[in-house]
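Where a number appears in this text, it was derived from the coordinates with a stated rule and is not lab data. Here the structure is a predicted model, which is why all the values come from computation and not from measurement. All Cβ positions, glycine included, derive from the backbone under ideal geometry; neighbour counts span all protein chains shown.
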Amino acid sequence: MNYLERITIDSAICHGKPCIRGMRWPVEVILDMLGAEMTNAQILEDHPELQKEDILASLQYAKLLSSGKTLNEVMG
């Protein structure tokens, strides 16, 4: 499934950083929580406004960036 549709970039939100569904949740913060060894369940319990698909979208976005592609290239 393509979760990248959940990633939004808006210059008026978080200085244009990639965020989750237009909320003030930058992808980098989700990745930081995962890097701090928080489980998906812990993240969702602590932040009920997030959904499992948001975490998966963050990981898919990180994979996209590591491949050298951009969100615009993939989403057209």
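Tabulated values for the structure
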{"item": "Test: residue in the range 51-61 that is part of a loop (DSSP other than H, G, I, E, B) and charged (D, E, K, R)", "result": "no"}
{"item": "Filter result (hydroxyl-bearing (Ser, Thr, Tyr) and either surrounded by 10 or more Cβ atoms within 10 Å (Cβ to Cβ) or closer than 18 Å to Trp25 by Cα (or both)) within the range 46-66", "result": "Ser58, Tyr61"}
{"item": "Members of the range 1-35 found to be part of a helix (DSSP H, G or I) and of a type in the set (A, V, I, L, M, F, W, C), listed by number", "result": "Leu4, Cys14, Val27, Val29, Ile30, Leu31, Met33, Leu34"}
{"item": "Lone unmet requirement of (1) under 17 Å from Leu71 (Cα atoms); (2) touching a strand residue (DSSP E or B) at 6+ places or on another chain (Cβ under 8 Å) for Leu50", "result": "(1)"}
{"item": "Among (1) free of Cβ contacts under 8 Å to residues at least 12 places away in the same chain; (2) surrounded by fewer than 17 Cβ atoms within 10 Å (Cβ to Cβ), the one test that Met23 misses", "result": "(1)"}
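Yes/no per residue for (1) on the phi < 0 side of the Ramachandran plot; (2) within 11 Å of the chain's Cα centre (by Cα):
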| position | (1), (2) |
| --- | --- |
| Thr8 | yes, yes |
| Gly16 | no, no |
| Leu34 | yes, no |
| Leu56 | yes, yes |
